[in-house]
Structures are given as C-alpha cells and as structure tokens.
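The values are calculated or read from the model by the stated rules, or taken from the named source; none is laboratory data. Note that the structure is a prediction, hence the values are computed from the model and not measured. All Cβ positions, glycine included, derive from the backbone under ideal geometry; neighbour counts span all protein chains shown. These accessible areas exclude ligands, DNA and RNA; they are computed on the full protein's heavy atoms, side chains included. Shrake-Rupley method; radii C 1.70, N 1.55, O 1.52, S 1.80 Å.
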Amino acid sequence: MVLELKKTVFISLAGLFVSLSGFAQKEHYAIKIIQDSVHLPDSNHVVLLEKRLFRIQVELQDMDGVYLFAAFKDSIYKLNERQPIPGFKDLPSMSMAEEQFNPDQELIISDDGWAYWFFDPKVDWHRFDKEIRVSGKQVIAAKSVKQFYLSSSEKILPISEVVEPLYLFFISAKENKAQELIGELQRYKIKIAWK
C-alpha cells in the first residue's frame, strides 16, 4: 500500500513537473530596466532612474522579437489591457530602422513609429547591443541608452537633458504564414521617471 502510494505521488509530481516545464517554455518575453548593473523592479509599471546610461534588457523565450513604442507622450502607454492598439496590423510597416548593434547607445522616440527588436540566428546582425546570450530557444539581449533620437525633429537628446517621463510599451504578436499580424500575445508597459 505504501509502495503504491509513493508510486502514485511520484507519477503525479512527474506529471506536474512536465506540465510546468511545458508552460515555462511557452513563447513569452520579459523586460528588465538595469542601471549600474542593478535590475530596478518597477512599482506599478514605474521605474525611477538617474539621468544617465541605462539598459533595457529583453528576454525572448521561443519567439523572434518584440515591438516597442517609445515616446515622451503617454498616448499608447495609457491603453489598458483590453483596448486595441491603433494600427496593430500595420506594426511591421510602421517599424523604424535602427542601427545594427546599437553603436550610438540611443533609443528612437516617435509619436507614431515603432521599433522591432528581434534576434534571428540566420542573420549576422540585430538591433541590440552587440553581445547577446542564446541558450536553446531563449535569447537575452539588451539595448544601452545614453541618448534619444527624436524622429520628429531628427535631433539627439542626451539623457541629462530629459525633462518628461519616458513611456515604453512592448507587444508581441502572432503571425500567419504570410507574416501578417493576426493576434496579440503579450503586452507590457513601463514608465521611466527621472530623479
């Protein structure tokens, strides 16, 4: 009887582990804001930073990339979980070109354009900082930010001169075989306030 009970418990725990492992492998992403090598957790989607270099770390699990809307206005950021993203199906065509390997350590700020941060092992470039970590279907990459490129005026704004909060809105999406967006997978937003 005890042997049967132990066997049943073992099989149940093994099944639970396999289920949780499968869940953990499901496609998703995680975002971390890092300054001075310290991960700064958000409080109600707000992170408080010094006005100097910081990094946006992106962890991709079983997915190619994420879309990012970065602005000093909260037009997209203020959307709740159920509100549709304006122009959702057009996000790929609204994605702005960024430098390979982020040599200028800058983030594009736009009121209507999106960035697409991705990793594809078949190409020899990406939009993150040069060094990334790949382990199976997991990619950990970062984008260092010391300045902002204002797309509307085509000017550079150093972090030290920023006055307004920075609103970051990330989204991942499902694609069909024609690479058209057909559904939202995950969204995450962070407001960066400055000390």
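What's the Cα-based Rg to Rh of segment 35-155, Rh via Kirkwood? Show your work: numbers first, answer last.
On the way: Rg = 14.8 Å, Rh = 15.7 Å.
Expressed as Rg/Rh, it is 0.94.
Across segment 99-193, the relative contact order, built from alpha-carbon pairs under 8 Å that are at least six residues apart, equals 22 percent.
Of the beta bridges DSSP finds with both residues in segment 44-195, what % are antiparallel, to the nearest 5? If you can, show how the numbers build up before the last one.
Working: 34 of 43 bridges.
Antiparallel bridges make up about 80 percent of those DSSP assigns within segment 44-195.
Stretched out straight at 0.36 nm per residue, the stretch from VAL123 to ASN44 would grow longer than its current Cα-Cα span by 24.7 nm.
Taken along the Cα-to-beta-carbon direction at a fixed 7 Å, the label points for LEU185 and GLN35 span 3.0 nm.
Across MET63, MET94, the residue with the most accessible area heads the list, and the full order at a 1.4 Å probe is MET94, MET63. Taking the centroid of alpha carbons for each part, segment 62-132 and segment 154-178 are 6 Å apart.
Using a cut-off of 25 Å between Cα atoms, the listed pairs LYS143/LYS195; LYS51/LYS155; LYS137/LYS191; LYS73/LYS155 include LYS137/LYS191 as exceeding that distance. Close amide H pairs (under 5 Å, H built 1.01 Å from N) link LEU49 with ALA193, TRP194, LYS195, residues at least 5 positions away or on another chain.
Can you tell me, using C-alpha contacts under 8 Å and at least 6 residues apart, the relative contact order of the chain as a whole percent?
Values: 353 pairs, mean separation 50.7, N = 195.
Dividing the mean separation by the residue count of the chain yields 26 percent.
The angle between the Cα long axis of helix 2-24 and the main principal axis of the chain comes to about 20°, on a 0 to 90 degree scale.
If segment 54-125 were replaced by its equivalent ellipsoid, with semi-axes equal to the square roots of 5 times the Cα gyration tensor eigenvalues, what would those be, largest first, whole Å? Walk me through the numbers before you get to the answer.
Values: eigenvalues 97, 49, 31 Å².
The three semi-axes for segment 54-125 are 22, 16, 12 Å.
Rolling a 1.4 angstrom probe over the chain with all protein chains present gives an accessible area of which 54% lies on carbon and sulfur atoms. Amide H contacts of ILE108 (H built 1.01 Å from N, in plane; Pro and chain starts excluded): TYR149 sit under 5 Å, all sequence-distant by 5 or more or on other chains.
With the other protein chains left in place, how much accessible area per residue, in square angstrom, belongs to the chain at a 1.4 angstrom probe? Kindly include the intermediate steps, with their values, before the conclusion.
Values: 11850 Å² over 195 residues.
Spelled out: the 1.4 Å probe surface of the chain, per residue, equals 61 Å².
Test of the criteria: in segment 97-135, which trypsin sites (Lys or Arg not before Pro) are in a DSSP loop and have at most 13 other Cβ atoms within 10 angstrom of their Cβ? Don't skip to the answer; put the middle values down first.
Values: sites: LYS122, ARG127, LYS130, ARG133; in loops: LYS122, ARG127, LYS130.
Qualifying residues, ordered by number: LYS122, LYS130.
Accessible area per residue (1.4 Å probe, heavy atoms of protein chains only) ranks ASP36, ASP124 as ASP124, ASP36, with the largest value leading. Loop-located GluC sites (Glu not before Pro) across segment 46-127 with a Cβ neighbour count of 16 or fewer within 10 Å are GLU50, GLU81, GLU99, with loop assigned by DSSP. Comparing mean-square fluctuations of ILE34, ILE140, ILE182 from a GNM of the chain with C-alpha springs under 10 Å, the top value falls on ILE182.
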